[in-house]
Every structure is written in structure tokens, then in C-alpha cells.
1. Report, ordered by chain and residue number, the lysines lying within cross-link reach of Lys274, taken as a straight Cα distance under 30 Å and ignoring same-chain residues fewer than 8 apart.
2. Can you tell me the order of 262-272, 73-83 when each peptide is scored by its average per-residue count of other Cβ atoms within 10 angstrom, highest first?
3. So for Asp100, Asp113, Asp105, fewest C-beta neighbours within 10 Å to most, what's the order?
4. Give me Val161, Val95 ranked fewest to most by other Cβ atoms within 10 Å of their Cβ, as a rough exposure proxy.
5. For the chain, what does the relative contact order come out to in percent, with C-alpha contacts under 8 Å and a separation of six or more?
6. Going by how many other Cβ atoms sit within 10 Å of their own, how do Trp129, Trp216 line up, fewest first?
7. Once you have the Cα-Cα distance between Val178 and Glu35, take 0.36 nm times their residue separation minus that, and quote the gain in nm to one decimal.
8. What is the distance in Å between the Cα centres of the stretch 47-70 and the stretch 250-275?
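FYI, it's all coordinate maths here, none of it is from the lab. For clarity, every value in this text was computed on a predicted model and none was experimentally measured. We place every Cβ from the backbone using ideal geometry, glycine too, and count neighbours over all the protein chains shown.
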Amino acid sequence: MFLFKRPTHQLTLALVWILGVLPLMAQQQPAVDQEALRKAAQNPIADLISVPFQDNWNFNIDPYNRTQNVLNIQPVVPVSLGQNWNLIVRWIAPVVFQPDVSTTDLGFYGLSDMNPSFFFSPKKGKVTWGLGPTFVLPTAMNTEKLGQGKWSMGPTGVLMVQPGKWTIGVLANNIWSVGGHKDRAEVNQMLFQYFINYNLKHGYYLTTSPINTFDWEAPEGSKSVIPVGGGIGRIMKLGPQHVNVSLQGFGNVEHPPGGATWTLRVFFAFLYPKG
């Protein structure tokens, strides 16, 4: 068991380099339709390879006003299933700094439980949608402090439309534990994320995409985290590389006692469009 005074992001920087920068050294990206890229970049189940890094800073955790950091490394890879269907593989690997509630400056840092999801989605249609299974794997480096210690699974789905300058959609799932450590609590949790983007000139967009979570096994008053907020982003090029970057802030209007009162989210995604 290791204690850290703060998140050490050497591992994060190495993963950013391996997953996002090294491919640039192999080949230049082809010219693409910028409007099509904008729509695809804001679609969580688009036919577009992307490597997003979503860094969440959760502030004001009791009893010492601590900060939790959750970096979600979440590559998205589409697989064609013939002329009519895609399989979208979305794999989330969280790297977490969890404050030690018994101290004022120490905490636990490392890989948490990974969350792969698989969406079966039609290639054509006025409404974009995808359905499939999602799983939580007990991969945490510190099972007691950074993970749930359970194998879990359940259904997941996405529904989205993109009229004009808007992107409007929802992503939801619910998981139940199906195995794991007998001395750990059973899992029954829901995630509900709506996302609304309004596109501006020069690749900029206004956005809100709060992640609402519900722990149905928790006691009353501690079941939900309901954030409200938003921010701004831009889809652009850094040299030859297409990227999607955004910054959002959320106030948690509902949270468990002693939980984070607000969150700052920094998002950076490498985009690999088809020519």
C-alpha cells in the first residue's frame, strides 16, 4: 500500500505520449471534411477513432477540504460489422488520486477499475443510437481504496441528434455486481449523462455534459451526485493532429454528506478521422 501527497502524473504523460503523439511520427493525417469531423467528435459512438483524456478535479471533500482527481483514459474504436452496423468499443481506464480521509495531505494513487462498453449502432438514420453491454473489471491497483472489488455488468445505451448547430444526446447505463470479493458491498449503480453542444465559429462550441450518478445500495441521502454547469471547447488542429479540447465546471447540487461540492473537468482528445 502506497501513500502519496499529490497525484503524480508521470504515468499519465507517458500514456498521452504513447497513445496520442507516437502515431503522428508514423504518418500525416489526411485532409477531412471539417463539418463532418465536428459532428463525429461530439458523437460518443461515431465511426471515428479517438483517444480522449478526461481529467476531473473534485473539490472540498471532508473532513480536511481535500481534492480527489480522476483521470479517465477512454479510447474509442469503431469496428465495421458489414454495410449496416458498427460495433463501437469504448474502454475507460481511470487513474485516481483518492485522499486519505484520516490525514490532511496523503492519499492513494493508481489505476482503478476499468470499464469497457460495447455499442451496436446502425450506420444510417436520422437519429443516432447504440445499445450494448458494459462491464466493470476489478483491476484497481489498491482494491480496498481505489476499487469496488467486484465484477459488474449491465446494459448501456446512447441516443443523439444533431440538428443544425446543435448536438443533443444522452448516455446511460446501470450495472450490477455478479462476482468478486464476498466481503465487499454489492454493486447496483446507474450513470446518466446528458450532453448539449452549441457550435460557434472557428471550431468553438458551448457545452454541458454533467455526469449524474446513482448508487442504489447507498443509504438515503447518499445515493446521488447531481452536477450542474458547463463550459467551452474547440475542435482544431495542433500541427497535423486533429484534437478536441474543452473546459467545464460543475457545482454538485446534490451529493453524499462530505462529498465533493464542485468539479473542474479538463478534456483533451486526439482524433483520427478517415480520409
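1. Cross-link targets: Lys39, Lys123, Lys124, Lys126, Lys165, Lys201, Lys237.
2. 262-272, 73-83
3. On the way: Asp100 15, Asp113 23, Asp105 12.
Fewest-to-most Cβ neighbours within 10 Å comes out as Asp105, Asp100, Asp113.
4. Fewest-to-most ranking of Val161, Val95: Val161, Val95.
5. Values: 724 pairs, mean separation 46.2, N = 275.
It rounds to 17 percent for the chain.
6. Final ranking by Cβ density, sparse to dense: Trp216, Trp129.
7. Here the segment from Val178 to Glu35 would lengthen by 47.2 nm.
8. 6
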